[in-house]
1. Out of curiosity, is residue 96 over 14 Å from the mean Cα position of the chain (by Cα), assigned to a helix (DSSP H, G or I) and modelled with pLDDT under 85?
2. Only one residue in 124, 116 is modelled with pLDDT under 80, assigned to a helix (DSSP H, G or I) and surrounded by 15 or more Cβ atoms within 10 Å (Cβ to Cβ), so which one is that?
3. Specify the residue that is surrounded by the fewest Cβ atoms within 10 Å (Cβ to Cβ); the eligible residues are those in region 173-189 that are free of Cβ contacts under 8 Å to residues at least 40 places away in the same chain and in contact with a helix residue (DSSP H, G or I) (Cβ under 7 Å, 6 or more places away or on another chain).
4. So which of 48, 58 ends up being assigned to a loop (DSSP other than H, G, I, E, B), outside the structural domain of residue 250 (by TED's automatic domain parsing) and buried (at least 17 other Cβ atoms within 10 Å of the Cβ)?
5. Say we look at region 135-159 and pick out the residues that are within 20 Å of residue 22 (Cα to Cα) and touching a helix residue (DSSP H, G or I) at 6+ places or on another chain (Cβ under 7 Å); which of these is surrounded by the fewest Cβ atoms within 10 Å (Cβ to Cβ)?
6. Quick one: count up the residues across region 144-180 that are assigned to a helix (DSSP H, G or I) and under 18 Å from the mean Cα position of the chain (by Cα).
7. So which residues in region 218-246 are within 21 Å of residue 24 (Cβ to Cβ) and at pLDDT 85 or above, if there are any at all?
8. Select from region 61-75 the residues that are in contact with a helix residue (DSSP H, G or I) (Cβ under 9 Å, 6 or more places away or on another chain) and either under 20 Å from residue 30 (Cβ atoms) or at pLDDT below 90 (or both) and write down the one among them that is surrounded by the fewest Cβ atoms within 10 Å (Cβ to Cβ).
């Protein structure tokens, strides 16, 4: 599955580097440019899915960059999010100017990570169809009682154009699996009530949920004297795959794509 490509146009090297790292960890493909002219060149060359553009650039101002992108028939549908510190005061007309140049959204610097990722995800959810056949999104059920981990993982999956449903324990996971009929289930092992191994085995006994691929993930494998013992248990309980926490984003995305692609053959 092709990653969402984001172009950051900003002459502040620290800002570019910091946000490139953040967005890449969230599962995006990120390219950068340090001037308006280079940004336009990269946009034509690499065809990004979203452009993040600063206003104050060393050559062409960001408003003009946005206008040129919108005037290009090959790039006019690409969402442009303007970002700058000049619009922080209440009497600033920067946002109004951005709208006049057909920017799709405007953010004041400094931009919080959660706000930036949420803004990008909002555009992705209302723009291009993706990962599943016939233009529909593949649905993933994430069953994990760790709120912070579940929310962070959900953001990454949404950023990669998956529809995500979250359950906080095993019983809720089984209920949502039956109701939502997801294309894939990501299942933690250590949860209140039923453990993930038991939930996995129970899902395999139900006709409606038996075919759904299940990826188990947990830190419990680190507690065993035999390193692969957690994998062995998962296989015994009919899981399709297993990932140790902390979860590597790229590994998780590759495994998801592998199992969803297999199911859609």
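The values are calculated or read from the model by the stated rules, or taken from the named source; none is laboratory data. Since we're looking at a predicted model, the values are computed, not measured. As a convention, Cβ positions derive from the backbone with ideal geometry for all residues, glycine included, and neighbour counts pool all protein chains shown.
1. Here the answer is yes, as residue 96 does meet what is asked.
2. Working: 116 fails: modelled with pLDDT under 80.
Among 124, 116, only 124 is modelled with pLDDT under 80, assigned to a helix (DSSP H, G or I) and surrounded by 15 or more Cβ atoms within 10 Å (Cβ to Cβ).
3. Result: 174.
4. On the way: 58 fails: buried (at least 17 other Cβ atoms within 10 Å of the Cβ).
Answer to the selection: 48.
5. Restricting to residues being within 20 Å of residue 22 (Cα to Cα) and touching a helix residue (DSSP H, G or I) at 6+ places or on another chain (Cβ under 7 Å), the top hit is 155.
6. The initial filter retains those residues of region 144-180 that are assigned to a helix (DSSP H, G or I), namely 147-159, 170-180.
In the following step, the residues that additionally are under 18 Å from the mean Cα position of the chain (by Cα) were identified as 147-159.
The total comes to 13.
7. Passing the criteria: only 243.
8. 74
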